[in-house]
Amino acid sequence: MIPSPTLYRALLATSGWLALAAAQLGPGTALRTAVTAVFLLSCPGAAALLLARPTRAGLPGGAGPLGAAAAALVLSAALTTLTAVGLALAGVLGARATLTVLACLTTLLAVLPRRYGPGTARRTVRRTPQGEAARRPADPRRRAAECAGAALLTLTAACGGGPAVSTATRPPQATAGPTSSSVPLDQPAAPGPWHSAFHDNFAGPTLDRADWVSCFDWNDNGCTNQGNHEDEWYRPGQVGFTQSGLTLTAERRATSGSDGTSYPWVSGMISTGRDSWNGTPRHTFTYGYFAAAIKAPATAAGFFPAFWLIPAEARSTPPEIDVAEFINTNQQVDMNLHYRTADGSDAHVGQTTAAADFATTYHVFAIDWEPDSVTWYVDGVQRFQVTKPTCVPHVAMELVLDLAVGFQEDPPASVDSAQLQVAWVGVWQH
């Protein structure tokens, strides 16, 4: 039994969104597998054919239902492959992104109106030299080609319209070239499946206090990292927002800390930790994919921006995972893992990569922290990995972003400010 035209279109238009909903189920779930497979193997192609043929029972030229089913299968496979490849070239990885693009495309093709009835071949009008109107049926193959071209144009726009992270297809040791000034998409580069555990795109105008604090939990009217002998005193007023997201601003302004020390700089930081020593952390995480889109300060000397994870309970390191550290430079990034050796001393392993000028545009810095490994990514490209069991941490961690000043060297006397910009932060877990 063939459904009515309206129902048929509605089924096709909603099929992709049903597949996306089913994708929320656990991996290996029979319903998830069945719904996703049916959509990918039939619906995008069937929606494309809906524009190219006059009835649901066959192709132009009378190929019949079996021919229509075979054509839908071939078209669906082609569209799925083109979508996945296009998104990969754009630096957007993951089954969810592919499903989303195909769902949009299928819905668009299903709801586009046809200018002829369900059972009537479309006719075109041609003027004879004598001025009389002569009518003839349009070539169905031409109509099919037009629809296929429209579908491919739509697919191209969907794949290429978003911000690109071009480094995803380069080998790990390649050097990055100029990148787009737009903010990269927040998608895990590591193999999944993943679900979002935490996300903030810093829409402002103030810091979300349900998610963040603006100091370490030993704060008392501000704080600093005394272990590094830094020059800044962190204050909430140094955390701000622009149209691009979060801004941590360091300024040369003498400030008396509650520890009795005078600090020549004030700066900003955020953490998912506590308001006070005896408080409760906002968010802690054990394992997952941690990523942030960051633009390093234009002035590098004397500044130490960092994106890192510290233990929630111990309040001391190690362990410590440094996702990205820019120590007096914006031309390279340090990736470090601190751990405690058998004799109780602090040790670390790390690597430095100079993939780009990290101050000219946003770049995505990430780690995939698994029970048996920690893997670092820069713009979707794997740069470093630690698999030694004694190095990998297994404790809940807090997330920290800060702009330290005066570590290893002081800023030049001519420099009075610097900014670290963060477009978004995301945490995904299995």
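Ala250 - would you say it is assigned to a strand (DSSP E or B) and under 25 Å from the mean Cα position of the chain (by Cα)? In short, no. Within segment 239-254, the set of residues being without any contact (Cβ under 8 Å) to a residue 40 or more places away in the chain and open to solvent by less than 30 Å² (accessible area, probe 1.4 Å) comprises Val239, Gly240.
Only one of the numbered conditions (1) free of Cβ contacts under 8 Å to residues at least 60 places away in the same chain; (2) open to solvent by 20 Å² or more (accessible area, probe 1.4 Å); (3) of a type in the set (D, E, K, R) is violated by Arg315, and that is (1). Looking for something open to solvent by less than 20 Å² (accessible area, probe 1.4 Å), among the aromatic types (Phe, Trp, Tyr) and over 27 Å from Trp428 (Cβ atoms) - is there at least one such residue anywhere in segment 259-279? Looking for residues that are open to solvent by less than 20 Å² (accessible area, probe 1.4 Å), among the aromatic types (Phe, Trp, Tyr) and over 27 Å from Trp428 (Cβ atoms), one finds at least one in segment 259-279, hence yes. At least 2 residues being open to solvent by 70 Å² or more (accessible area, probe 1.4 Å) is the threshold, and among the strands (runs of 3 or more DSSP E) wholly inside segment 333-417 those reaching it are 346-353, 381-386.
Of the residues in segment 219-236, not one is surrounded by 22 or more Cβ atoms within 10 Å (Cβ to Cβ), under 28 Å from the mean Cα position of the chain (by Cα), modelled with pLDDT of 95 or more and not basic (Lys, Arg).
The values are calculated or read from the model by the stated rules, or taken from the named source; none is laboratory data. Worth saying up front: this structure is predicted, and the values here are computed from it rather than measured. Reconstructed Cβ throughout: ideal geometry from the backbone, glycine too, with neighbour counts over all protein chains shown. These area figures cover heavy atoms from the full protein model, side chains too; ligands, DNA and RNA do not enter into them. Shrake-Rupley method; radii C 1.70, N 1.55, O 1.52, S 1.80 Å.
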